[in-house]
1. With label points built 7 Å along Cα→Cβ from the Cα atoms of Ile299 and Ser224, find their separation and express it in nm.
2. How much mean residue ellipticity at 222 nm does the chain get from its helices, if each DSSP H run of length 4 or more adds -39500 (n - 2.57) and you divide by all residues, to the nearest 500 deg cm²/dmol?
3. Compute the distribution of all C-alpha to C-alpha distances in the stretch 118-165, in bins of 10 Å from 0, and list the percent of pairs in each, rounded to whole numbers.
4. If R0 is 35 Å, what FRET efficiency do you get for Glu387 and Arg541 from their C-beta distance, rounded to 0.05?
5. Once all Cα-Cα distances of the stretch 498-551 are split into 10 Å bins that start at 0, what whole-number percent is in each one?
6. Kindly provide the pair-distance distribution of the stretch 246-349 built from C-alpha pairs, with 5 Å bins from 0 and whole-percent values in order of increasing distance.
7. Taking the highest mean first, how do the peptides 45-52, 463-470, 546-553, 369-376 order by number of other beta carbon atoms within 10 angstrom per residue?
8. Give me log10 I(q)/I(0) at q = 0.06, 0.10 Å⁻¹ for the chain, Debye formula, one equal scatterer per alpha-carbon, no solvent.
Amino acid sequence: MAKSLKSRLLSITLLTIICMIGLLSIYLSAVSRHYLLNITLKGMEPLARLTAENISRSMTGPSPVHLDSLADGFSKIIGYRITIIDATGKVWGDSDEDGANLAAMDNHLGRPEIRNASRTGSGHSLRYSQTLKKELIYLAVPVIARGNPWGYCRIAWPFTDFASYRWHLFLSLITGFLMAAALLVFIYNTYWNTVILSIRKIEAAVRRIKNGDLSARAPSKQGSREIDFIATSLNELAQSWEQTLTDRDGQRLRLSAVLQGMSEGVIVIDNRQRITMVNASACQMFGIEHAACQGKLLIEVIRHPDIGEWSQRPVASLEFTVGGKNYLAHGSPLENEKKESDIVIVITDITDYKRLENVRKDFVANVSHELKTPLSAIIGYSQALHEGNYQNKEQMNDFLERIHRQSERMNRIINDLLALSALETGSYEINLRSVPLRELLQRALENVQQQADQKKQVMSLKNIPDILQIKADEVKMVQALTNLLDNASKYTPEKGKIDISVESSENSIRIKISDNGSGISTEHLPRIFERFYRVDKGRSRELGGTGLGLAIVKHIAEMHRGKMGVESVLGEGSTFWMELPV
Ligand code: ADP
């Protein structure tokens, strides 16, 4: 585990101090050794010269001298080891060696202090003595006897002072180090503790931000400029990040609301044709659960053979049919974060549009056809009359009668078309007011009474209270009821029965017109309210029908916010009903 900042800082500083003290001690040791040596030599040199002078004097005295005894004697006085060496390097006296040992001492001419003394008049050397097992300072000066160089006087002193000095130095440095360490710990626990505490607070804020809590803030104004800068920058960063995320969430929510509210289906697929997003309309269109779509292949959801190939290169729109419904798909590429291209497919349900297009086409064809038949007849008969192609006056009257009938038929068709057009374009202004329903029904009945009487049909109004009122446009409602009664009479044989009844509930009134006529087979019922739709075209024409009556009725019902319906059994009769809100 990584060390804490505090222990790291403390250990690094202590290590630095140790290194510094180590280097200092090496330096001090070297400098002080040199210094001590110089001081010692300075003290030794006059003693060595004094001793040499005394040796010289002793040698020039009247009685011969024993040089080894001389060395011993002077050594006792000055406390140094004294060695007397002649110019050839032979040792004549040594305060530490006597007798055989003295005689066995090797030639000293090669000793560095002797060599230097012969050259410069004074020589010294510091070296380890194997004999005494300690480091010694040797200082040699020449001995002049009777004005001539005779040899050398060498004094030696153990360099032990430096060792004790070094030990003292070491102890002082250790003491210094311990005091510095104590001071350091104290400084860390006072000043650095506050710095480290503010860094820890920043660290805690960073951890919270990392875990997704963007409201976390590091305390600023904690002392140091650098730490304040880090804390403020972190806070600004978290704030702008929070703002960005909030904006993005808002955008996502808005986009999602728009997508889910769209009536068009929207599907996003990745480059492997897998669905990454789908809206509610698309799920509804293809009857799939939203959760089940994610990650599915597009072809599994839209089961059409062309969809897979098209969605790979959706350059043009695709029209396709699934489950009897017509759809139009538009695709456009959408680059995602990984620079791969997703594809957004917008699907529109064009079933109604297609149906209306077909209705429009059929309508134009029907109108042309309906008008062409009587028009051809009129042209034919009028041409015959014009060219005198008739046998007698009766035939001429017959032709004129036919022309008249076809003209009336055309007139009826055009009137119905105009009525329908006025209703469809909304150019007719509906005038709603409360009117007694019974009165409206009676007026409609009167309109068809003559026709019913001719066919000896019985028309009866059942259980309709006089006070029952509906909100209606009188003119249009009477027209609609007349159309329904006219049909009932037309498609019911002689002596048939036509009943008009009413069912009222809390919210609506249902007007029912039942007959025991020809009835309509089930397959025609869903289209019976379409324009020009007739079960039996020939029969309808024969009876003067235009095929527009029920379409007009349906429009009038819708103008009153009502609806139309029919129940019928072939050969038994039909019941047409209109339901109006109250
Ligand atoms: P039309 O002018 O041909 O009567 P409508 O729109 O009024 O046109 O009626 C459409 C078709 O519905 C008719 O041609 C007829 O086949 C059928 N129809 C309407 N009312 C009845 C009814 N009461 N009984 C049987 N068939 C009916």
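1. 6.5 nm
2. Helices in the chain give a 222 nm mean residue ellipticity of -18000 deg cm²/dmol.
3. 25, 41, 24, 9, 1
4. On the way: r = 27 Å, r/R0 = 0.78.
Using R0 = 35 Å, I get an efficiency of 0.80.
5. In order of increasing distance, the bins hold 20, 41, 30, 8, 0 percent.
6. Taking every Cα pair in the stretch 246-349, the percentages come to 2, 13, 23, 26, 21, 10, 4, 1, 0.
7. Values: 45-52: 19.2, 463-470: 13.0, 546-553: 22.0, 369-376: 15.1.
The packing order, highest mean first, is 546-553, 45-52, 369-376, 463-470.
8. Here log10 of I(q) over I(0) equals -0.69, -1.05.
The numbers here are math on the coordinates, done by the rules we state, and not lab data. Everything numeric here is computed off the predicted structure, so don't read it as measured data. Reconstructed Cβ throughout: ideal geometry from the backbone, glycine too, with neighbour counts over all protein chains shown.
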